[in-house]
Amino acid sequence: MAYPDITLRERSTSSKLINRRLRMSGKRFHHGNTGLQVRGYDNFKQNRQKCRGREAKQYMLKKIQLKENSRIASQSSGGGDPSHVYDSHHGLSEAGCPKQVLAFQNSLASSHDTLLVHCKSGDDDLGVQLVKFGDPVYSIRFGDNVFIGTYWDCFIQHGPNMEYFLNFRAYTSGPSRRCGQLHTWIAKEDGIYFSENGKPEEKTFDWTKV
């Protein structure tokens, strides 16, 4: 192809100028028989593959979570009110590490009072839950966060005028990840008892009266 108005030196200078500008944006210009070539397509493909990989991982985590939620609901339907089981997204339960269970049991056998339970962990506020005497335990399922730690602060209350109460930390994670442990708080007239993994319960707190 002829360039009647542009000398070879001018074409070379122009190519260098374009190359310099494109180099600043991470691309490269080649002037020759092959015409204009932009190097950066490989980077584009790599970034697209990374995005697809992240989307696939998020999809699999969501699929596993939905499967576990379905299993929890099916178990609850045979043992009581499914609304008394809360599956928290606080922390991720990885494969081979079942979620922790924090449970609250109403054993107010003399008064048959309704037990009020209100738990939260950071921004994860579960709201007020009412557990009647004879109801299934109110359960919270969650995974430990090994990076920032996991804790649950709870407020429980009962009585004819809700005059008995306790505000306490019901769960604190350890230095390593825990898997599939059961932590049960049992409300009785003389105080609050604690049982871990089905072991005999022990009295831990007394009620505070208004």
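The values are calculated or read from the model by the stated rules, or taken from the named source; none is laboratory data. Only a predicted model underlies this, so the values are computations on that prediction, with no experimental measurement involved. Here the Cβ is made from the backbone with ideal geometry for all residues, glycine too, and neighbour counts use every protein chain on show.
Observations
- The range 116-169: number of residues that are in a strand (DSSP E or B), over 18 Å from T204 (Cα atoms) and without any contact (Cβ under 8 Å) to a residue 24 or more places away in the chain: 4
- Filtering W207, W152 for residues that are within 16 Å of K99 (Cα to Cα), in contact with a Leu (Cβ under 8 Å, 6 or more places away or on another chain) and buried (at least 16 other Cβ atoms within 10 Å of the Cβ) leaves a single hit, W152.
- Residue check for Y193: among the hydroxyl-bearing types (S, T, Y), surrounded by 14 or more Cβ atoms within 10 Å (Cβ to Cβ) and more than 28 Å from K99 (Cβ to Cβ): no
- Selected residue (criterion: nearest to Y151 (Cα to Cα)) from residues of the range 125-137 that are buried (at least 16 other Cβ atoms within 10 Å of the Cβ) and out of contact with any helix residue (DSSP H, G or I) (no Cβ under 9 Å at 6 or more places or on another chain): L126
- Among the conditions (1) modelled with pLDDT under 95; (2) over 28 Å from the mean Cα position of the chain (by Cα), the only one that G198 does not satisfy is (2).
- Of all the criteria given as (1) out of contact with any Cys (no Cβ under 8 Å at 6 or more places or on another chain); (2) touching a residue at least 60 places away in the same chain (Cβ under 8 Å); (3) not in a loop (DSSP other than H, G, I, E, B), the one not satisfied by S111 is (3).
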